[in-house]
Each structure stands twice: as structure tokens, then as C-alpha cells.
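Okay, structure first, notes after.
Derivation of every value follows stated rules applied to the coordinates shown; laboratory data play no part. On a predicted model such as this, the values are computed, not experimentally measured, just so you know. We place every Cβ from the backbone using ideal geometry, glycine too, and count neighbours over all the protein chains shown.
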Amino acid sequence: MKTTKVKAKTKTVAAQRSSLPSSSQQSQQSSQQMRGGRLRHLIGICGLPRAQILRLFARADVFARARAQNKLPRPLAGKLIVNIFFESSTRTRTAFEASARQLGADVLNLDRITMAGETKNESLADTVRTVAAMGAAGIVLRHGEAGAAEEAMRAAPKTTAIINGGDGNNAHPTQGLSDAYTVRERYGESFSGLAIAIVGDILNSRVARSDARIFRALGAEDIRLVGPPKLCPQTMEKELRAKVTHDMDEGISGADVVVLLRMQRERAGKALFPSAAKYFREYGMTMRRLQTLTAKKRDAMIMHPGPINRGAEIESAVADGKHSYILRQITNGMAVRMATLAELLCEK
Ligand code: CP
């Protein structure tokens, strides 16, 4: 088996792509499910049937209600969850840690500084096997390389579930689930009539990929990818079965949901747009744009997976305004992570 050295260097986007051919995306998705369809790992959104997504949402509803009433059950008592994060994270790591602990699990956190691979050249597969041998029922992995979560899944024994906490520009399935859950909370389970615009650095974004795929899986037909040609190339249309436009005002016109993304500088490794001011002028979500949008769509949702860069892709007044669901996405992310952990770890 090809193994990734834990000393993870972020690959170029081209290299990441070549490490994850589209046939691999198909196989990754079938192997994350057991025979009969139940989820064994969560690596990506590809291939997740609508019914399975809705089942996770129904579970999240139960946890969200119990959490609000301070009556959470402890179905993960006695189980060990290990967060292995090769890249920084505020939301994902903390949401998984808090969710797991609130459901009774023991949680350990490994990051690049504390892992032997960083200085002793251990492969990702060996790190996964090592942590699994300590009895980890679940590993949440964040990694700079696309395909790393699939590699971890292949290395893991049957007793350890792998959850992708974001791998390169490939997938961030629990962010996609949290975002779709937030849209469902506002508009209901039928996404078929919704117009959804995803705006920004689509090319380098795992969130854009997971969001577009989950919105499509839930029935959305009008999905627009909006950004400058270099960050939102025409090829994305085929990859994500969505319409590409380079004109922000056209792209968000009549949208029920606008998902904003930050520049993924850590993946592209260089300036992604000639000038920050020009980017904000052409693609920033300003109050002026929001007013134009809400003149037609009174209830339009403004979303962002975070971290947000105020004044770069979103005006502060929009981020803090009444159309913003940014903090709601975070709150919902707790219930979604609880549902994911329970789904993978409680019915084996
Ligand atoms: N949205 C997201 O993945 O944020 P973090 O990098 O803080 O986990």
C-alpha cells in the first residue's frame, strides 16, 4: 500500500488532483458503507444516498433537542475518539471533541507537533494503526493532502471508524452535512426549488465540493459556482454538476442561499487574486449586494463555513446581520457531529 509520510507537505492542487482520480472518489464512497448501506466510515459525500443523509439529520434533530434540554444521553461512554489534525482547526476539532465528550466518550488530540511522524518519519497508515491498537473506536482526521482520509480508512482495522475532518481540497463531509442541515432547518427537506450560489475560491475548497455534492444529493438543481476564472474554472461545472459564472451579481441573483468561501492560501501557496480590494469589489458580499438580493428574496440565507475574513469576502455588517447563518452553522455542526459519531460507533 502506498503510504503518506506523516510529515505532510501541502501538495499543489495539480498534485492533489492526480492523487485522487475520479474513479477513486467512487470507490472511496462505496467502501465507507457496509454491505446493506450502513455507514462504517465517513470519507466524503459522493455516493451517500439522500435517505442516509436524512437519517443522519433525524439523528441530529434528536441530539439538538436533548442538548437544548440538557438531557444528552451518553451512548459513547467507554469509547475512545482520537482527533488527528495535521492542519489547524478551530471549528471542526473543537466540535468533534465537545460532541464526543458530551456523548460520554474519552477524547485524545494529536497534532503535528505531538506526532512521531513529524520528526520520526512515520507514515499516516502506521499512525492510524498505532492509534487503533490503543483501542480508538473512531479517528477524526484532518490532513493537507487530498485522499489522506481514504488512505487512513484502508489502514484502519474493522474496529476503528475513520471520519474525514477535511483532506486537502477533496472533501469536508461534516461541514457539508452541517451546512445542508442548516439549509434544511430554514427551508425544509426538499431542496429541489432552491437556488444556491457558492462563491469564492472554489478550486481549492473542500467545502465547496462537499456542499455542492450534498445540495445536489438532496435535490437542488440550481447550484451556481461563482468566482474568478482562475479560482472557479469552467471545468468545475462537470466535476460538481453545477453552473459556473464569473459574475458575482449574476451568480447570486435570485439565490435562496449564498455560501461564501475564503481564499485557501495555504493550499494554493501564492496570491490567488491580484488585489484584495479588487476581489472584494468583484466578489465580496457587501451590504449593497445583500440589499439587491433580499429585495427579491426576502429570506435569503448568507452562509460561510469559517473562518471568515471580514472585508475580504464578506462585509462585517453582512456577517453580523440578520441574514447571516454563520453562527447557526457552528451550533448545528455540534448536533451533526454527534449524529455522525453515534451513527458510526453505536451500532456495530
Ligand atoms: N470550517 C472549518 O473547517 O473550520 P476549521 O478549519 O476551524 O475547522
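Shape of segment 151-212 from its Cα gyration tensor (a ≥ b ≥ c, root eigenvalues): rounded if a/c is under 1.5, otherwise prolate when a/b > b/c, or oblate? Mind showing how you got there, number by number?
On the way: a/c = 3.66, a/b = 1.63, b/c = 2.24.
Cα axes put segment 151-212 in the oblate bin.
Treat each spin label as a single point 7 Å out from the Cα along the C-beta direction, and report the Thr235 to Thr286 distance in nm.
3.3 nm
To check you understand DSSP bridge types, tell me what percent of the beta bridges within segment 23-149 (both residues inside) are antiparallel, rounded to 5.
Around 10 percent antiparallel, to the nearest 5.
How far apart, in nm, are two points set 7 Å out from the Cα along the Cα-to-Cβ line at Arg328 and at Asn309?
2.6 nm
To the nearest 20 Debye, how big is the dipole of the chain about its Cα centre, given +1 on the beta carbon of each Lys and Arg and -1 on that of each Asp and Glu?
Working: 53 positive and 33 negative charges, 88 e Å.
That gives the chain a dipole magnitude of about 420 debye.
Would you work out if segment 237-320 is rounded, prolate or oblate? Take a ≥ b ≥ c from the square roots of the eigenvalues of the alpha-carbon gyration tensor; rounded if a/c is under 1.5, else prolate when a/b is larger than b/c, oblate otherwise. Working shown, then result.
On the way: a/c = 1.73, a/b = 1.27, b/c = 1.36.
Oblate.
Can you tell me the relative contact order of the chain? Whole percent, Cα pairs under 8 Å, sequence separation 6 or more.
So the answer I get is 19 percent.
From Cα pairs below 8 angstrom and at least 6 apart in sequence, can you work out the relative contact order of segment 175-327, rounded to a whole percent?
Computed value for segment 175-327: 23 percent relative contact order.
Using the structure shown, select from Lys158/Lys243; Lys238/Lys322; Lys243/Lys296; Lys79/Lys322 the pairs with a Cα to Cα distance greater than 32 angstrom.
Lys158/Lys243; Lys238/Lys322; Lys79/Lys322
Roughly what angle does helix 124-133 make with the longest principal axis of the chain, taking Cα atoms, 0 to 90 degrees, to the nearest 10?
With rounding to tens, the tilt is 50 degrees.
Taking a cut-off of 20 Å between Cα atoms, list the aspartates and glutamates near Lys120, but don't count ones fewer than 8 places away on the same chain.
Partners within reach: Glu87, Asp111, Glu145, Glu151.
Okay, helix-only estimate at 222 nm for the chain: each DSSP H run of n ≥ 4 adds -39500 (n - 2.57), divide by all residues, round to 500 deg cm²/dmol; what do you get?
Helix contribution divided over all residues of the chain: -12500 deg cm²/dmol.
Once a ≥ b ≥ c are taken as the square roots of the eigenvalues of the Cα gyration tensor of segment 198-253, is the result rounded (a/c under 1.5), prolate (a/b larger than b/c) or oblate (a/b not larger than b/c)?
oblate
Quick one: order Leu56, Leu327 by neighbouring beta-carbon count within 10 Å, fewest to most. Walk me through the numbers on the way to the answer.
Values: Leu56 22, Leu327 11.
In increasing order of surrounding Cβ atoms, one gets Leu327, Leu56.
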